[in-house]
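Before any comments, here is the structure.
The values are calculated or read from the model by the stated rules, or taken from the named source; none is laboratory data. Everything numeric in this text was worked out from a predicted model, so none of it was measured. Cβ atoms come from the backbone with ideal geometry, glycine included; neighbour counts cover every protein chain shown.
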């Protein structure tokens, strides 16, 4: 019985070998898995680094394109203001917008972004540099034109001032001449020294009275003694006679030659118009007026006008 127990407790050599083999296999598999996991992590790290690099390149490219857009728009605005040609800049702007749209597309690949856009960005920058050189010339030309324009404006201002001064002087001279002319004209105007109103009977007899009887007064004679005046031009003169009734109304009859005239801007009626010759040696004139109707009682006023001036006033009374 003891012999049997001794045999059962002694390990069998085959079982130990199998266990060792299994453990070795597990260790090998674990090592392979560990290696594969390490390689996977390394690959992910590399891929993440590549992605980050591409994202940076994408952002950098976008920034450069946006910067070029800003510069293009600025140059277009300035060239337009200076009167230059913006056709090339407009063409470049259209191409740039197309590139930006392509870059911003959700289908755009991150592959070779730097290589694909580096040449385009360089071309845009060359266009900007070339146009900046043209802008320098345009600015100089515009500055020159501005200086010339400023000079012309200054000269024009001086000329305008001279013209205005000349016009002011001319207006002043014209005003003085007008005043002198008015003074000379007024000085040369006829002037009645005396005006006598004489009554004439139906039989043609002249008589003078302080108050005339209406029945006795057939017509009147207006005798005018004029002042001598060397400034007055000799020759035919026309006198307008206004006879105002006691109420201030003008005796008016178109059959007797009555009419209207303007004096000092006022429209007036005249009773009769008579012509006479002024010779300055014995300047006088006699005018006759036959009303053809009785005069009513009251005071009558006689006003004389010639060559735009009122030359005298007289009157008579009827009882």
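Given the conditions (1) over 60 Å from the mean Cα position of the chain (by Cα); (2) at pLDDT 90 or above; (3) surrounded by fewer than 12 Cβ atoms within 10 Å (Cβ to Cβ), and given that residue 292 satisfies all but one, which numbered condition is not satisfied? Just one mismatch for residue 292, condition (2). For residue 57, the conditions (1) assigned to a helix (DSSP H, G or I); (2) modelled with pLDDT of 80 or more; (3) surrounded by 13 or more Cβ atoms within 10 Å (Cβ to Cβ) all hold with the exception of (2).
Taken over the range 76-92, residues that are surrounded by 13 or more Cβ atoms within 10 Å (Cβ to Cβ) and either in a loop (DSSP other than H, G, I, E, B) or in contact with a strand residue (DSSP E or B) (Cβ under 7 Å, 6 or more places away or on another chain) (or both) amount to 2. Screening the candidates 198, 231, 126 for the property of being over 30 Å from residue 74 (Cβ atoms) and at pLDDT 85 or above yields one hit, 198.
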